[in-house]
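Student: Before we start, here is the structure in question, set down as structure tokens.
The values are calculated or read from the model by the stated rules, or taken from the named source; none is laboratory data. None of these values were measured; they are calculated from a predicted model. Glycine gets a Cβ as well: all are built from the backbone with ideal geometry, and neighbour counts include every protein chain shown.
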Amino acid sequence: MLATALTMLAVVLGLAGPVAARSLAPAQSGGDDAGRVSILKVEGLIDPVMADFIERSVHAGEDAGVVAVVLQLDSADAVVDDDVLVDLARTIHDAEVPVAVWVGPSGSSARGKAAQLVGAADPIGIAPGARLGKTGPLVIPEELLSPAFVDAADRLEGGTVNAAEAAELGIVETEDAPVIGEFLIDLPGFETKTVKVEGRTVRQPVTTPVFSSLSVDKQLFHTVASPAAAYLLLVIGLGLIIFEFFTAGVGVAGLVGAGSLVLSCYGLAILPVRPWAVALLVLAMFGFAVDVQTGVPRLWSGIGFVSLLIGSLTLYDGFSLSWITLLVGIGGTTLAMVGGMPAMVRTRFSTPTIGREWMIGEEGEAVTNISPDGVVRVRGALWRARTNRATPIDLRDAIRVVEVDGLLLEVEPLEG
């Protein structure tokens, strides 16, 4: 056990050198050059940005003459067209340098079409606690997949396997790859040397690992194309646009809302969405907006909430949002529209002077029945109101303000 731990420690120390390279220079000739391994961190859905990153990195590895290109994979699916996926699998399968995949670390998974892409690589490693499978029907031609992967296609189509099960199926050669360093030292051409550590012999990497990841701008678009980010950007953008609609001029909220909508549209264009669910989310915001004008939640707020709930739960075809994302999207939007938005709108339209005593004695009109609560219009602005008499005030009756309690006006009929 101690020897294994020391081996892993030596591997980690060997990997702690260059860890953030964006490109690979051609390998230098020389007897002491043990070469390099290009390691690509592939997380999240395989979208057009990630697919292009993988393809370019494989070609860069070929030009640089690396020992191998390794994909450190944790992906729930691929959202690129089948033709793009097949081309990417062909690039991996036909590469002039070995292209390997390690599904890890523990807790990671490769599912859906991302799992199919694993079958085009050789060799394959799976960390303990990671899963591979639920590929669905194969869209990648069998000639681009390993024979063991094709033989296990029926089992992988609807289920997943761990490292031990994958080893039994022949998909992986060994199940002993808890960290990527353990996977690397078993790669063909990856050189190691034996050293003495506290009296024990361990293997230490000689081949240099070079880690690559998406650039900042590419990472932004990759993140936006994730289901949670695209959904939250949509509801936040719509909410901010509505807020700006009820305020004077174009401010920061409107600009941020417009930017959020643009980014959301990019993500939704890539992801498999149900158009009618998007329409429900837009209807939800319209429903909330109707009652923001009155300042009191009514029928349209209920319609908005139901539309928001159904639209959020059914937005994606094949993906489900986490409960935290749904709580933020549904709960946050409802609270903002029903509780916060009316107060913010009234505050922004109200007088900038301290206090509202000037409103006492002002006349206005009831825009709803007031019994005892309702909404009135005073100087063109809508306010929540309460009658100070037992007799209700009917719609369109003239009223007079007799008291101001924060954002609530106490009113009485102008006549009677």
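Student: Scanning for something closer than 30 Å to Thr135 by Cα and either assigned by TED's automatic domain parsing to the domain that holds Val99 or within 30 Å of the chain's Cα centre (by Cα) (or both), does region 188-198 turn up at least one residue?
Tutor: The answer is yes; a qualifying residue exists.
Student: Going through region 71-107 one residue at a time, which ones are assigned to a strand (DSSP E or B) and either modelled with pLDDT under 95 or touching a Phe, Trp or Tyr at 6+ places or on another chain (Cβ under 6 Å) (or both)?
Tutor: In the first step, residues of region 71-107 are kept if they are assigned to a strand (DSSP E or B); the result is 71-75, 78, 99-103.
Hits for region 71-107 are Gln72, Trp102.
Student: (1) closer than 30 Å to Ala100 by Cα; (2) aromatic (Phe, Trp, Tyr); (3) buried (at least 19 other Cβ atoms within 10 Å of the Cβ): which one isn't true of Phe221, the others all being true?
Tutor: (3)
Student: Could you grab me the full set of residues in region 372-405 that are without any contact (Cβ under 8 Å) to a residue 24 or more places away in the chain and under 20 Å from Gln293 (Cβ atoms)?
Tutor: Scanning region 372-405 gives Arg377, Arg379, Gly380.
Student: Only one of (1) crowded, with 17+ Cβ neighbours inside 10 Å; (2) assigned by TED's automatic domain parsing to the domain that holds Ser301 fails for Gly259. Which number is that?
Tutor: (1)
Residue-wise test of (1) touching an Asp or Glu at 6+ places or on another chain (Cβ under 6 Å); (2) modelled with pLDDT under 95.
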residue: Phe246; (1), (2): no, yes
residue: Gly257; (1), (2): no, yes
residue: Arg274; (1), (2): yes, no
residue: Val278; (1), (2): no, no
residue: Ala289; (1), (2): no, yes
residue: Ser301; (1), (2): yes, yes
residue: Asp317; (1), (2): no, yes
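Student: For Ala284, which of the numbered conditions (1) modelled with pLDDT of 90 or more; (2) farther than 11 Å from Leu238 by Cα fails to hold?
Tutor: Result: Ala284 fails condition (2) only.
Student: Let me ask something else. Can you name every one of the helices (runs of 4 or more DSSP H) wholly within region 148-260 that holds 1 or more residues which are farther than 30 Å from Val79 by Cβ?
Tutor: Where helices (runs of 4 or more DSSP H) fall fully within region 148-260 and carry at least 1 residues being farther than 30 Å from Val79 by Cβ, they are 163-169, 180-184, 227-245.
Student: Looking at region 160-169, can you tell me whether even one residue there is closer than 16 Å to Leu71 by Cα, of a type outside the set (A, V, I, L, M) and in contact with a strand residue (DSSP E or B) (Cβ under 6 Å, 6 or more places away or on another chain)?
Tutor: Scanning region 160-169 turns up no residue that is closer than 16 Å to Leu71 by Cα, of a type outside the set (A, V, I, L, M) and in contact with a strand residue (DSSP E or B) (Cβ under 6 Å, 6 or more places away or on another chain).
Student: Here is a further query. Could you check region 118-147 and list, in sequence order, the residues that are out of contact with any strand residue (DSSP E or B) (no Cβ under 7 Å at 6 or more places or on another chain) and part of a helix (DSSP H, G or I)?
Tutor: Once the filter is applied, which keeps residues that are out of contact with any strand residue (DSSP E or B) (no Cβ under 7 Å at 6 or more places or on another chain) and part of a helix (DSSP H, G or I), region 118-147 yields Glu142, Glu143, Leu144, Pro147.
Student: Right, here's the next one. When you look at Ala152, is it more than 26 Å from Gly267 (Cβ to Cβ) and surrounded by fewer than 22 Cβ atoms within 10 Å (Cβ to Cβ), yes or no?
Tutor: No, not satisfied.
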